[in-house]
Each structure stands twice: as structure tokens, then as C-alpha cells.
1. Please specify each residue of region 122-163 satisfying the condition of being more than 16 Å from the ligand (Cβ to nearest atom), in a helix (DSSP H, G or I), in contact with a strand residue (DSSP E or B) (Cβ under 9 Å, 6 or more places away or on another chain) and open to solvent by less than 10 Å² (accessible area, probe 1.4 Å).
2. So, in region 54-84, exactly how many residues are assigned to a strand (DSSP E or B) and either exposed (fewer than 15 other Cβ atoms within 10 Å of the Cβ) or at pLDDT below 95 (or both)?
3. On the given criteria, is Q61 over 20 Å from the mean Cα position of the chain (by Cα) and more than 16 Å from the ligand (Cβ to nearest atom)?
4. Considering region 17-53 alone, what residues qualify as being part of a loop (DSSP other than H, G, I, E, B), farther than 17 Å from T361 by Cα and either touching a helix residue (DSSP H, G or I) at 6+ places or on another chain (Cβ under 8 Å) or free of Cβ contacts under 8 Å to residues at least 24 places away in the same chain (or both)?
5. Among the candidates D342, D410, D438, which residue alone is among the acidic types (D, E), surrounded by 15 or more Cβ atoms within 10 Å (Cβ to Cβ) and within 27 Å of the chain's Cα centre (by Cα)?
6. Tell me, which strands (runs of 3 or more DSSP E) lie completely within region 348-452 with 1 or more residues that are farther than 30 Å from G35 by Cβ and among the aliphatic types (A, V, I, L, M)?
7. Which pairs do you get when a residue that is on the phi > 0 side of the Ramachandran plot, found in region 59-87, comes within reach of a residue that is within 7 Å of the ligand (Cβ to nearest atom), reach meaning Cβ atoms under 8 angstrom, with the pair 6+ apart or on two chains?
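The values are calculated or read from the model by the stated rules, or taken from the named source; none is laboratory data. In this text, all values refer to a predicted model and were calculated from it rather than measured experimentally. Neighbour counts run over all protein chains shown; Cβ positions are idealised from the backbone, glycine included. Quick note on the areas: whole protein, heavy atoms, side chains included, nothing else; ligands and nucleic acids left out. Shrake-Rupley method; radii C 1.70, N 1.55, O 1.52, S 1.80 Å.
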Amino acid sequence: MTRSSIPAAFLEYAQRNLPRYTSYPTAVAFHDQVGEADARSWAEAAEGPLSLYVHIPFCDQLCWYCGCNTTVPNGYGRIARYLETLHQEIDLWAAALGKPPRTAHLHFGGGSPNALSADDFEALVSHLRSAFGVEADAEVAVELDPRSLDRDFLAALARSGVNRASLGVQTFDPIVQAKINRIQPFDQIAEGVAGLRRAGVTGVNFDLIYGLPGQDEASMWRTAALAAELRPDRVSVFGYAHVPWFAKHQKMIRTEDLAGPHGRWSQAEAADAVLISAGYQRIGLDHYALPGDSLCQALLEGRLKRNFQGYTADAADTLIPLGVSAIGAFAQGFVQAARTTDAWAAAVQGGHLPIQRGVATSAEDRLRAAVIERLMCDLEVDVGALCRAFGYAESWLDPALAGLSALQADGLCHRQGRRVRVGADARRLVRVVAAAFDAALSTETVRHAQAV
Ligand code: SF4
């Protein structure tokens, strides 16, 4: 079972704090000079089908590792008030779009969307469907807490046409579960998966995490094996990012319980070995999918995308943000809603799109974003061809290419002319290679997670 520790040449890179590149420019570049007026003009000009992201910032209890914008509501009244405002926000955004919208992808994240009552969830989906013209074959995806997934909510998922669900599994190890304040036995997850399948949810995703307190290679191995037994269509394997100065409840996690870079690497390797031997295919940096899943097809056809939810086959260029702190994307830039519920609700109730910050993208940002996205998705990119496709000279990004020489020498990537390929063993370090094309790489590195 023993897996290799991190190769010596990779050690320093693995400890670098880098963005996850779910967007470029990254959220660190957002500022308050971008606001509602930009969001309105970008929304009015939006072309093509939309994608919607709906943030539900409530959970039954907090997991100590969590870095999400969520809270324990202490009674349903707070959720009901949030929903009332969310329904108003839906109408504001629908009115801001210049033409009758068409939506191909709807994603509920959080928090735990199943903190809502079954009736409220159904009413929310129904409103979204009518306000944004959600297509009959749209992907409707929901992040779920398996501990509170009951029969009523499963029935609401079925009636609402939800066809993809992500279960926060994280670890099956009871010792690790105790250390992260998230107790969920294997049988509970298995019942959740069976219930989702019965409800007609054809796509089931699992999120796993390595680098949690008390976790080691053997524990990760067992978790991945138990996960594979339940045959989710997709599995993501994220590294735990310990940033207690931002995510306050992470202070409950003892630093001495956390593995160092070698341990983190071997845990990620263990998950990789188990999932590959169980028939999963690698997708980008940290996802796995069964052959036949739409991510595998998108990867094969060179149209895999990366957005705030991770890897996706969703081709929409416009993402409408709904709910507190939600991030939206437009051809012209990114926007983010107010990050406190009070500020978000006050803006919406005053008839405003609740945008508090964002960033406008330049033509060069869009070129760099495309290079970074191809690297993150395909682990290779033809930089010269992308420069040409975006109307730049083939040599435009040669200074960034020159910056790869140390990475090449250490085996992180290979170059042939202006083609760059991430080294076979260096997939997990793709963010280090992508960072060479990040003109805005922040010195504020404490906000980012370690590369591995
Ligand atoms: S990990 Fe998920 S369930 Fe746990 S607190 Fe965060 S959002 Fe809630």
C-alpha cells in the first residue's frame, strides 16, 4: 500500500500558496470600483445560454475544516427571511437581463441547500425555472449534506428535476470525522446515494478531502476504496486548506494533527491509485469521473471548463450570482454579491442588484485566462495558438514562457516551442505552472491554499 513521498524536486513547489484558478483574474483582484452599474450593463449585453449559481448559507452544524460562507440558523425563521429576499433578487436579475433568458445550468451551493424545507426548495426551483427560462434538459445540480437528507427532500429533488447531486463525504474515517466535527457513518452515505438514484438523480458526485487532522495514507486509502464501492459518477479529491486566520472555526483544528507536505502528497497519491484502479479517469487537477460521464467526454473533446464550482462541461459564458457572497461571471468581468447577509438583503430590498465588488477583464486578461484554463483542464496548452486566436502576436506571452525554465528543469513541465505540457507526475502541481501566466499574482499569498 505504501506510496512514494513527494519527489525532492517538487517539495518547495508543493508548499507554495497559490490560487485554485477557478477564475482569472482571481477573487483576490476584486475591488469595490466594480459594482451594480457594471453588473447591469454586463447583464444587459449577455449573449447565449446562462448558468445560475444560488448560494444557500445555512448548515445544521459547522464542520471545523469549512471555509464556506455559511452559518447555523438557529431556527427556520432566518432561512425563511433569506428566501423571501432571494425570491426578490431572482426577479431583479431576470429584469436586468436584456432579453428573455435561456438557462442551461443551475447550481445550488452553500452551505447546505438541504437546510431548506422540501416545499421551499421546490418553490425556489420553480421560480428560477420560470424567471430564467431554464431549459428542459438543463443540468440542475445541488450540493447536499448527507446527514440531513430526508425522504421529503429527496421527493422534492425528484419533482424539481434535479439531475446531479454532490454529497460532502470528505472522509469515512470515524477518528478523522470526530476531529472535524462531522460524524456520518458509511451506511448513511450509502442510503443517501440509493435515495438519490431512486429519485432519478442520474449524476452523483462525492467530495473527498486529504490533509485533514488525524488523516494518514491508510485512512485516505480506505476512504477512497469505500467511496469507489458506492460508484459515484464523479469524485473530487481536494486538499484541506488550513487558513484559520480567515476561516475562524478552523481554530478548532490542532495544527499538530495535520500532515506535512510528504504526508499530504502520499494521501493524495493513495486516493489517486484507488480511484484509477476502480476504473475512474483523471480530470484536471483533482477530479475523477467514470467513463461515460460528461466530464470525460468534455475532456476528450477539448471543451472541459473550469469555474467557481470546479470542473464542468457547462459551456455558458455568463454566470448569474444569486444569494449572499455569490460570484457571477460575464464576458466583461466578474462580480460578487455583498458578503454579509445584512448588506446583501438591504441592497435587494432597496431594489438593487447587491453587487459589492468585482473586476473588469481586459483583452489580455481573457487571453491569460484561456491559457490558464487549458492548463488546468487539459494539463497542456498551445500558448502561441491561443495568442493568435485572441488577436495577439504568437510571441505575446513569450516572457511568461521564459519564466517556466526553472519549472522545466525540475520536471514540472515540458516545452516544445510554445506548447507546454505538465509533467506526468506533476499534475498535482499544475497551479504552479499556471501561475507563470498570472500577471496579477498577488503577494498576498496567505489567502491561497498550498499547492498540495
Ligand atoms: S462543510 Fe458543508 S456542511 Fe460543513 S459547515 Fe461547510 S458548508 Fe456546512
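1. Once the filter is applied, which keeps residues that are more than 16 Å from the ligand (Cβ to nearest atom), in a helix (DSSP H, G or I), in contact with a strand residue (DSSP E or B) (Cβ under 9 Å, 6 or more places away or on another chain) and open to solvent by less than 10 Å² (accessible area, probe 1.4 Å), region 122-163 yields L124, V125, L128, F132, L157.
2. The initial filter retains those residues of region 54-84 that are assigned to a strand (DSSP E or B), namely 54-56, 58, 71.
If we keep only those that are either exposed (fewer than 15 other Cβ atoms within 10 Å of the Cβ) or at pLDDT below 95 (or both) too, we end up with 71.
So the answer is 1.
3. Working: over 20 Å from the mean Cα position of the chain (by Cα): yes; more than 16 Å from the ligand (Cβ to nearest atom): no.
Considered against the rule, which asks whether it is over 20 Å from the mean Cα position of the chain (by Cα) and more than 16 Å from the ligand (Cβ to nearest atom), Q61 comes out as no.
4. P19, R20
5. Working: D342 fails: surrounded by 15 or more Cβ atoms within 10 Å (Cβ to Cβ); D410 fails: within 27 Å of the chain's Cα centre (by Cα).
Testing whether each residue is among the acidic types (D, E), surrounded by 15 or more Cβ atoms within 10 Å (Cβ to Cβ) and within 27 Å of the chain's Cα centre (by Cα) leaves just D438.
6. Working: elements: 355-360, 380-382, 413-416, 419-422.
Passing ranges, in order: 380-382, 419-422.
7. Here the result reads none, with nothing in region 59-87 linked to a residue that is within 7 Å of the ligand (Cβ to nearest atom).
Listed here are the residues, each with its yes/no results for (1) open to solvent by less than 20 Å² (accessible area, probe 1.4 Å); (2) within 16 Å of the ligand (Cβ to nearest atom); (3) closer than 20 Å to T70 by Cα.
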site	(1), (2), (3)
Q184	yes, yes, yes
E191	no, no, no
Y210	yes, yes, no
G214	no, no, no
I253	yes, yes, yes
G260	no, no, no
